[in-house]
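Read through the structure below, which is laid out as structure tokens, and then see the notes.
The values are calculated or read from the model by the stated rules, or taken from the named source; none is laboratory data. All values reported here derive from a predicted model rather than from experimental measurement. Note that each Cβ is placed from the backbone with ideal geometry, even for glycine, and that neighbours are counted across all protein chains shown.
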Amino acid sequence: MATSTKVSIPRRAKRVQISSLLASTPMAIVAIGVFVVCVGYSVMLSFTKSRLFPNFNWVGLDQYERLWGTSRWVVSVENLLIYGILFIVLCLIAGFFMAVFLDQKVRFESGFRTLFLYPYAMSLVVTGLVWQWMMEPSLGIQNVVQRMGWSSFEFAPLVDPQYAIYGVLIAAVWQSSGLVMALMLAGLRGIDGEIWKAARVDGIPTWQTYLFIVLPMMRPVMITSVVLLAVGVVRVYDLIVAQTGGGPGMSTEMPAKFVIDHITARGNVGLGMAAATMMLLPVLLVIGPWIYREYVRPAKH
Amino acid sequence: MMGKKLFAATIGAGFMSASVQAADLEVIHWWTSGGEQKAVTVLAEEFNKLGNDKWVDTAVALGENARALTMQRILGGDAPGAAQFNTSRQFEELIEEGLLLDLTPVAEKEGWTDFIRPSSILNPCMKDGGIYCVPVNIHSAQWLWTNKKVFAEVGVKEPNTWEEFLSVAPKIREAGYIPLAFGGQGWQERHVFDVVLIGVTDEAFWNRLWKDKSVDAAGSAQMRKVFETFGALRQFTDAGAPGRNWNDATNMVITGKAAAQVMGDWARGEFAAADKVAEVDYGCIPGPSKRPYLTLGGDAFIFPKSSDQNLEAAQMKLASMMLSPYIQAKFNNTKGSLPVRADVDLTVADACMKKGLALLDDPKASITPANAYITEDTNGQIQDLVSTFWNEPSMSVDNALAVFKGIIEDAE
């Protein structure tokens, strides 16, 4: 088989193959080096008693036992679930509505587009700080509205452990929904005008056309948006540090912050890596197969 | 041709800078409040005056963030010239791994071990015969800062113990003041917890708990009293406390919005920066406690090892400067902390500082901070517990005690 292939490939094609191989080698090295080796090393460390510096004193599953017995970690995971699901859903809804709004051929479209996308240009640290100040009870929105006469108005989620996570959510959705809008708008503009004409001929109301015809056609855009948003969810760290520092109490702690706190200031790499491994698991188990199904498999058809 | 010339010029410039022997010394610290900035400026300016070496300032808000950055930079091979830590076990592993510059040559020449007092403040710096850090000050954590005007107006006595505080606090609240200015950040919650701990127990209990890591002490009735007293303080803070910086809370006392704040002696710098006079405008009460105790902690600088000879020389120079009598006096007067050497001119010390100095001379009054005995890992677990307990009044004292006992049991 090998020899016959060799013979059948013309010289030029062979050269192309070699050059493409050469071109992809650095990427392959980086991919294997960074992803496989480093991830493997991290997972390995999670079975050791590493403190600030990695060592190989094996302790089996001790770190995992402590991890799941630590209320801060359990709270972090719960927070991530609440935050992640609501963040993705709200960003998709807000982004879709903004895109539909812009799709109505409104005046000053480019102005609105910039306005909606602008928060995305801001770093999460700045976003967190700005919203922290706006949600501060004695300086922010609550104070302004109360001074205007509505004295019972309350809007200070960050000081209440029960609502703090939603305060973070508001800031995150504000920052990221512009990106979804941009993607969705591109998707909407890609819809064939004939479909709109056909829908109009059939007398289907505009909102139904959007919901039942256009939206399903935008599936690839939706998937791209969800993947981008989901990546942002898993690694959420800077927003938390800037806006709440994880507080009040443990109410806005997140897994990524748990990992970073433990591998740096708290000097417990073993536990931090166990937490990092737990963060990797859902990605491998859920998102991996899903991306494979959506992207890789259809390409082979 | 052109390229060759340029190359030669670059090489020449390289030699020239080497002959001047100047180094940029980057210093990571967390002194970001108004009073702290003034103090760190003293160090920076005096260091720049010494020669061609330059102090490059990297100020990071919040101690844990600054320490995390230092750790990452050292582990990542991009170490700063110097970095601030608390005089504690925080940097112990950096010493063990041989990542820090041994300051023994300069320490022996100047006789650090002879003049640094109390000698226990140098203990965290010493390991296997080497000296790896420079303690620059002594800070004590156990102080209640009060606004004299507020107490006079309400007509109650400033509390000396936690029991007294709990009895006068409702009256202060009724008069429309916030009884306790509080910053709801993890370390501040932990700070108040430790102050309450020594306030309602004593030195023997403190040592049993932190030094001996006694599980019996951790689950005792005394510990229950600590959690109860600590929990009772929640009702005397305001709604805006969560996330507040300590100096913003101090400012509430300075401006008369709040009656008192529990904070270390570094708060004195904020009062001084606001031109307030000790024991006239504001009061400082050691404790509150039946018997005053002060933890002798403080700030220390470590100097990561480097292959650059010029940098190493600059590091040694900075280390030596930090301990010189002149800098010790100027720096600590600005910062509100106590100097680490006794032969320092403290004529400008105010009433609060004098109180602290007097207690420093009383060996029975000084205790060692908890983080000199427990690792940052254990310390962090306790901080998480205390923070959860403070912010979730639904967490019972029983539950908190059980978790606390578990942490002490596993402590190394």
B:GLY98 vs. criteria exposed (fewer than 13 other Cβ atoms within 10 Å of the Cβ), within 14 Å of chain A (Cβ to nearest Cβ) and over 12 Å from B:PHE301 (Cα atoms): yes
Members of segment B:184-231 that are under 14 Å from B:LYS290 (Cα atoms) and in contact with a strand residue (DSSP E or B) (Cβ under 9 Å, 6 or more places away or on another chain): B:VAL195, B:VAL196, B:ILE198, B:GLU203
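Can you name the residue in segment B:159-202 that is among the acidic types (Asp, Glu) and touching a residue at least 40 places away in the same chain (Cβ under 8 Å) and, of all such residues, is nearest to B:ARG234 (Cα to Cα)?
B:GLU189
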Any hit, segment B:252-260, residues being outside any helix (DSSP H, G or I), touching a Gly at 6+ places or on another chain (Cβ under 9 Å), crowded, with 24+ Cβ neighbours inside 10 Å and touching a residue at least 12 places away in the same chain (Cβ under 8 Å): yes
Enumeration of residues in segment B:119-166 that are exposed (fewer than 15 other Cβ atoms within 10 Å of the Cβ) and not assigned by TED's automatic domain parsing to the domain that holds B:ALA278: B:SER119, B:SER120, B:ASN123, B:ASP128, B:GLY129
Any hit, segment B:32-44, residues being under 27 Å from B:ILE327 (Cβ atoms), out of contact with any helix residue (DSSP H, G or I) (no Cβ under 7 Å at 6 or more places or on another chain), at pLDDT below 90 and surrounded by 15 or more Cβ atoms within 10 Å (Cβ to Cβ): no
Helices (runs of 4 or more DSSP H) completely within segment A:191-301 that count 3 or more residues being away from chain B (no Cβ under 14 Å) and hydrophobic (A, V, I, L, M, F, W, C): A:193-201, A:219-234, A:269-282
Of the criteria (1) part of a loop (DSSP other than H, G, I, E, B); (2) more than 23 Å from the chain's Cα centre (by Cα), which one B:ASP265 fails: (2)
Pair list, Cβ < 6 Å and 6+ apart or interchain, from segment B:388-411 residues that are among the small types (Gly, Ala, Ser) to residues that are in a helix (DSSP H, G or I): B:ALA400/B:PHE227; B:ALA400/B:PHE389; B:ALA411/B:THR378
Of all residues making up segment B:342-399, the number that are within 14 Å of chain A (Cβ to nearest Cβ) and under 18 Å from B:HIS191 (Cβ atoms): 17
Among (1) loosely packed, with under 14 Cβ neighbours inside 10 Å; (2) at the interface with chain B (Cβ under 10 Å from one of its Cβ atoms) - the single one A:ALA156 does not satisfy: (1)
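Just give me the residues in segment A:23-65 being outside any loop (DSSP other than H, G, I, E, B), closer than 24 Å to B:ASP410 by Cβ and not β-branched (Val, Ile, Thr), in sequence order.
A:SER42, A:MET44, A:LEU45, A:TRP58, A:ASP62, A:GLN63, A:TYR64, A:GLU65
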Unmet requirement for B:ILE407, which otherwise passes all of (1) within 9 Å of chain A (Cβ to nearest Cβ); (2) touching a Ser or Thr at 6+ places or on another chain (Cβ under 9 Å): (1)
